[in-house]
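Engineer: My questions all concern the structure below.
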Amino acid sequence: MGNLLKAFSNPFYRTSSLEILLFFAGWGIWWSFFQIWLTTKQGFTGAQVGTIYSFGSAVALVLMFVYGSLQDKLGMKKTMLKFFAVCQILVGPFFTWVYVPMLAANFYVGAVVGAVYLAVAFLAACPVFEAVTERLSRRYSFEYGQARAWGSFGYAVAALCAGFLFTMNPNLIFWTGSAVAAVQLIVLVSMTPENDASLTAQYEVKAESIKESKTPSFGEIVGVFKLIEVWKMIVFVIMSWTFYTVFDQQMFPEFFTRFFATPEAGQQAYGVLNSIEVFLEFLMMGLVPILMRRIGVRKAILLGCAIMIVRIGGCGLVTNPLGVAVIKLLHAPETALFILAVFRYFTLHFDTRISATLYMVGFQIAAQVGQIIFSTPLGALHDSIGYQSTFLVISGIVCVASLYAFVILKKDDQQVDGQPL
């Protein structure tokens, strides 16, 4: 409790936490039901849903490197976050008056237009919010995991509300997202502790300030692609974290709702389950940094892999909604371990000045490449053999990825070119 009160006394922690909470709340209010909306309200098949996700991933793939490079150049500035908030305000009008008519008129044109908007405003924006928060945590003396936890809390509350809003009127989830984004923009513009010299002097870590003052060159940023260790991580992420997204967003929502007597009952139950799951993720975001200090970064990543294998494989074996719900809650420690441990792996073994680019390329872009590769084939596989058999296939692939990770991941005391533990 003492540590929590100390964290809240830091205005940089409070501001960063609120900003990331509002981003995830404004995204989660509709994103948590996006797959259900596509299948039940728009009537798309698994392969079509996979195509929509693949297109979004393809656009986000390009944007993430651009966003990461720009943010590394901007350093602590929140110019891009404000741009994202403006784009996110348009989510209600876009889905209501643009996306639905275009999908109805021409599926592929609608999917491409939707992919561009979703990537610009949300898919490629998410890792920028995370990277900025992580960079601020090193600069202004607070724990990144504790701040990122509030993003999970915002998503949890939003998912709970979305279950009820969706059954009332599906469009409400998109318009609520617009309203939350408007609040987020106000916070970004009005809450600026970094402009207060006295606060900066009190909380700033001088060593990080000196390091951040040396803006990386374009050559250093592009040089990320020359690092063999980054490519090893890209392969690992493609074969592991990719399936977190495909399983959780593209398949599980409709799979779970099928256990219930009516679509409405299933949708509300999914909303409650999703909110409980992400609330547990909120708690785990605060606990995982403590765990990492005890067991190390490498072991934390491998533990996340083990949980993913059990969670996805378990959903392929259990045949009742309560069992599936309990296994799905393993999402909480798995997500916290992957997000925090992989980010810490990059800041431990690589130059922290290019942390945003490293995180984009080595984690987020790699995951998007995986989605492009696997979304449509796995959607078609689901159409052919059903959800549970597909889950077992996915679990087997992650098992292979875990063995690969055991071989390629550096130990915590090897090649420490970034911030030591």
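Engineer: If I go through segment 193-221 residue by residue, how many of them are hydrophobic (A, V, I, L, M, F, W, C), in contact (Cβ under 8 Å) with a residue 40 or more places away in the chain and assigned to a helix (DSSP H, G or I)?
Structural biologist: Total meeting the criteria: 3.
Engineer: Confirm whether ALA119 is closer than 24 Å to LEU90 by Cα and open to solvent by less than 30 Å² (accessible area, probe 1.4 Å).
Structural biologist: yes
Engineer: One residue is enough: does segment 282-291 have a residue meeting the conditions open to solvent by 60 Å² or more (accessible area, probe 1.4 Å), within 20 Å of LEU329 (Cα to Cα) and either outside the structural domain of SER402 (by the TED database) or modelled with pLDDT under 85 (or both)?
Structural biologist: no
Engineer: Just give me the residues in segment 292-315 being surrounded by fewer than 20 Cβ atoms within 10 Å (Cβ to Cβ) and under 22 Å from ALA269 (Cβ atoms), in sequence order.
Structural biologist: GLY314
Engineer: Within segment 132-155, restricting attention to residues that are in contact with an Asp or Glu (Cβ under 7 Å, 6 or more places away or on another chain) and part of a helix (DSSP H, G or I), which residue is most open to solvent (accessible area, probe 1.4 Å)?
Structural biologist: ARG139
Engineer: Okay, next question. Please count how many residues of segment 291-340 are β-branched (Val, Ile, Thr) and part of a loop (DSSP other than H, G, I, E, B).
Structural biologist: Residues meeting the conditions: 2.
The values are calculated or read from the model by the stated rules, or taken from the named source; none is laboratory data. Only a predicted model underlies this, so the values are computations on that prediction, with no experimental measurement involved. All Cβ positions, even for glycine, are placed from backbone atoms using ideal geometry, and neighbour counts span all protein chains on display. Ligands, DNA and RNA are excluded from the accessible area calculation, which covers all protein heavy atoms including side chains. Shrake-Rupley method; radii C 1.70, N 1.55, O 1.52, S 1.80 Å.
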